[in-house]
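Below: the structure, in structure tokens.
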Amino acid sequence: MELSQYQIKLIKQSWRNFRDVSPAVVGDLFYSKLFSDHPSLRKMFPKKMDEQYKKLIDTLTTIVVRLDNLDTINDEITEMARRHVDYGVKPVHYKIVGDALLWTLKKGTGCDWNNETEEAWLSCYTILSNLMINVTAQKETL
Ligand code: HEM
């Protein structure tokens with residue numbers, strides 16, 4: 001699966017609009033959605049989530065900036081995926097988190113959101129989560 005130049009443009013544009021909302025608000029929206037749909041995940045995360053909001057937004061920003069050239073951050077993504085195995089994250093969790101992320105992006109970008117943007121983000125998240133899941137699979141067989 002690959003993103004077209006047009007999809008990359010859509011993702012970058014919508015992410016710019018989205019980031020204009022404060023990370024705390026966006027983070028709150030994302031984790032509230034995640035934990036209300038899947039309460040059992042709450043215990044995997046720290047009690048205080050402020051730091052977590054910022055880390056998630058910063059990381060997504062790095063990824064969006066590098067979309068044209070994801071290879072350049074392959075090592076970072078691999079390391080992040082390894083840490084996620086230690087947090088207890090399983091491959092099935094990626095779809096759950098992806099749904100909450102897309103829901104949040106849709107809410108946060110408002111009228112700029114359309115089917116094309118949704119498809120572009122879905123492909124982007126699928127590429128990223130497949131990369132992370134592959135690392136997970138490797139780590140589990142070690
Ligand atoms: C593409 C998807 C994801 C991205 C970009 C992402 C990003 C991050 C980042 C940047 C951190 C901060 C710590 C670190 O870098 O290790 C983090 C921590 C964490 N993430 Fe994710 N994550 C993703 C998917 C998931 C999934 C599917 C789960 C499953 C529920 C998850 C659960 C966690 C947990 C439990 C922590 C640790 C909190 C802590 O103990 O401080 N993440 N994530």
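When segment 32-57 is filtered for residues that are touching a residue at least 40 places away in the same chain (Cβ under 8 Å) and not in a loop (DSSP other than H, G, I, E, B), the ones remaining, listed by number, are 33, 34, 37, 41, 44.
Considering only segment 81-95, state which residues are surrounded by 14 or more Cβ atoms within 10 Å (Cβ to Cβ), under 20 Å from residue 121 (Cα atoms) and either more than 9 Å from the ligand (Cβ to nearest atom) or more than 11 Å from the chain's Cα centre (by Cα) (or both). 81, 91, 93, listed by residue number.
Just the residues that are surrounded by 12 or more Cβ atoms within 10 Å (Cβ to Cβ), out of contact with any Gly (no Cβ under 9 Å at 6 or more places or on another chain) and either farther than 13 Å from residue 107 by Cβ or not charged (D, E, K, R) (or both), please, taken from segment 32-49. Listed by number, the residues that qualify are 32, 34, 35, 37, 38, 41, 42, 45. Among 10, 67, 29, which is under 18 Å from residue 131 (Cα atoms), in contact (Cβ under 8 Å) with a residue 60 or more places away in the chain, surrounded by 14 or more Cβ atoms within 10 Å (Cβ to Cβ) and more than 9 Å from the ligand (Cβ to nearest atom)? Being under 18 Å from residue 131 (Cα atoms), in contact (Cβ under 8 Å) with a residue 60 or more places away in the chain, surrounded by 14 or more Cβ atoms within 10 Å (Cβ to Cβ) and more than 9 Å from the ligand (Cβ to nearest atom) holds for just one of 10, 67, 29, which is 67.
Values in this text are rule-based calculations from the coordinates and carry no lab data. The structure presented is a predicted model; accordingly, all values stated were derived computationally and were not measured. Cβ sites come from the backbone with ideal geometry, for glycine too, and all protein chains shown count toward neighbours.
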